[in-house]
Structure formats: structure tokens, C-alpha cells
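The values are calculated or read from the model by the stated rules, or taken from the named source; none is laboratory data. Note that the structure is a prediction, hence the values are computed from the model and not measured. Cβ: placed from backbone, ideal geometry, glycine included. Neighbour counts: every protein chain shown.
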Amino acid sequence: MDKKEIILNAMHELFKEGKGGTASVSDIAKKAGIAKGGMYYYFRSKEEVLDALVERVYEDIIQARDTLIEQSGGNAIAKFTLLFKSYYSSYVDPSLDDYMHMPQNAAIHQKSLAKILTSLSQVVLRIIVQGIEEGIFICEYPQEYSEIMLSVFTFLLDPGIFPWTDEQNMVKMKALADLMEKGLLAKKGSFSFMYGGKQFNSF
């Protein structure tokens, strides 16, 4: 296995053990089974290790969602439903997630949000384009719509930034579903899966 991956695995293991936040470069090197000096050949600091680990974690989640969507045979609405439900069932180690949401780690948290938006919006873009080809959507700006949709999920609905109540989150999800339906000129109810409403059956 690549030494870089071994170091990232070691950092992840330290988080699972509840030691990631306080771990030093020496601790990471020891866990990885390499000399401390060898660590600096791959990463200049603990922060660089964290950046790379967060990027890998979210890249794995997004790649898994992308593969799932590509292998599914449904239309655009079916793929949106699958993406939405599978993304929210995806797992990020709680200790790593808690660490990123600490005020002093705002920079790494911001990078994680940017990673989700830029990578996952490409998956959403392909679904919107498919919907246009199927005649389900009409949209002049599919790239921008995908980014706007993801910006709501990655920023407005992030509990580490805005501690909305469940009721407030539900209203915002309904508003986003309404925005997507009107913006894409989709049939009413097409995006009701986002808040548990009765979905328009177009499969």
C-alpha cells in the first residue's frame, strides 16, 4: 500500500479511537509504523494530513454515490431520489465529523463543504441533463442549478453552521423542492421525496 494511504489510514484510526484531535505528528507516524521524519516526506504538517483525509473520505462517499447512480436504470427523478436517500444514509466517522465542526477547525470544515459542492454537483448536473433529454426538465443553466441545489445542502442545511429545528429544516426542504420543480419546470410533486411528501409517479 502507498505510504500516503498508510498515513491517512493511521490518522483515521486515531479519530476512531477518539485521539485524532489531540494526536501529534509523532503519534500519527507511530500509528502508521513509520519514522517521524518519513512523515514529512509526504505531509508538511498534521493539518495537511487532515486536509487529505477529509478529501479522501468525501471523495469515497461521492464516488460511491456516483457509481450507484450510473448503475441505476431509472429516469432523472428516480436518480434524484436515489441520490438524495443514499447520500443521507452515507457514513462519516462521528469523531471526524465532530472535529470538523469545532469552531477552531472552520477552515477544514469549509474545505469539506467546497469538496462536496464541487464534486457532487457534477453528479447532479448529469441527472439534470438526463432529465432535459427525457423531456422531464427544461433548464437553460443545468450547471448553475446543480451548484445552487448543492449549496443549500452543504451550507444552509449544515447543522454545524445553522442549528435549525427539525420543523425549520422541513420547511427549507419543502422550499428547495418547490424551487427545483419551478426552476426545472418539472411536474408538481416531482421533488417531494426531499421532505417525505407524495411524489409524482413518473418512473
Some residue of segment 100-123 being of a type in the set (D, E, K, R) and within 30 Å of Lys19 (Cα to Cα): yes
Elements of type helices (runs of 4 or more DSSP H) contained in segment 1-107, each with 3 or more residues being under 23 Å from the mean Cα position of the chain (by Cα) and not basic (Lys, Arg): 3-16, 46-71, 76-88, 94-100
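Of everything in segment 8-59, what is farther than 24 Å from Ser119 by Cα and among the aliphatic types (A, V, I, L, M)? Give them in sequence order.
Ala10, Leu14, Ala23, Val25, Ile28, Ala29, Ala32, Ile34, Ala35, Met39
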Conditions (1) touching a residue at least 40 places away in the same chain (Cβ under 8 Å); (2) crowded, with 19+ Cβ neighbours inside 10 Å; (3) not hydrophobic (A, V, I, L, M, F, W, C); number of the one not met by Lys111: (2)
Enumeration of residues in segment 62-91 that are loosely packed, with under 15 Cβ neighbours inside 10 Å and modelled with pLDDT under 80: Tyr88, Ser89, Ser90, Tyr91
Subset of segment 34-49 that is farther than 17 Å from Leu96 by Cα and not hydrophobic (A, V, I, L, M, F, W, C) - its residue that is surrounded by the fewest Cβ atoms within 10 Å (Cβ to Cβ): Gly37
Neighbours by Cβ (under 8 Å, 6+ apart or cross-chain): first from segment 172-190, in contact (Cβ under 8 Å) with a residue 12 or more places away in the chain; second surrounded by fewer than 18 Cβ atoms within 10 Å (Cβ to Cβ) and assigned to a helix (DSSP H, G or I): Lys172/Val152; Lys172/Leu156; Leu176/Val152
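A quick yes/no check of all residues on (1) surrounded by 19 or more Cβ atoms within 10 Å (Cβ to Cβ); (2) assigned to a loop (DSSP other than H, G, I, E, B):
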site	(1), (2)
Arg126	no, no
Ile138	no, yes
Glu147	no, no
Ser151	no, no
Thr154	yes, no
Gly160	no, yes
Pro163	no, yes
Lys172	no, no
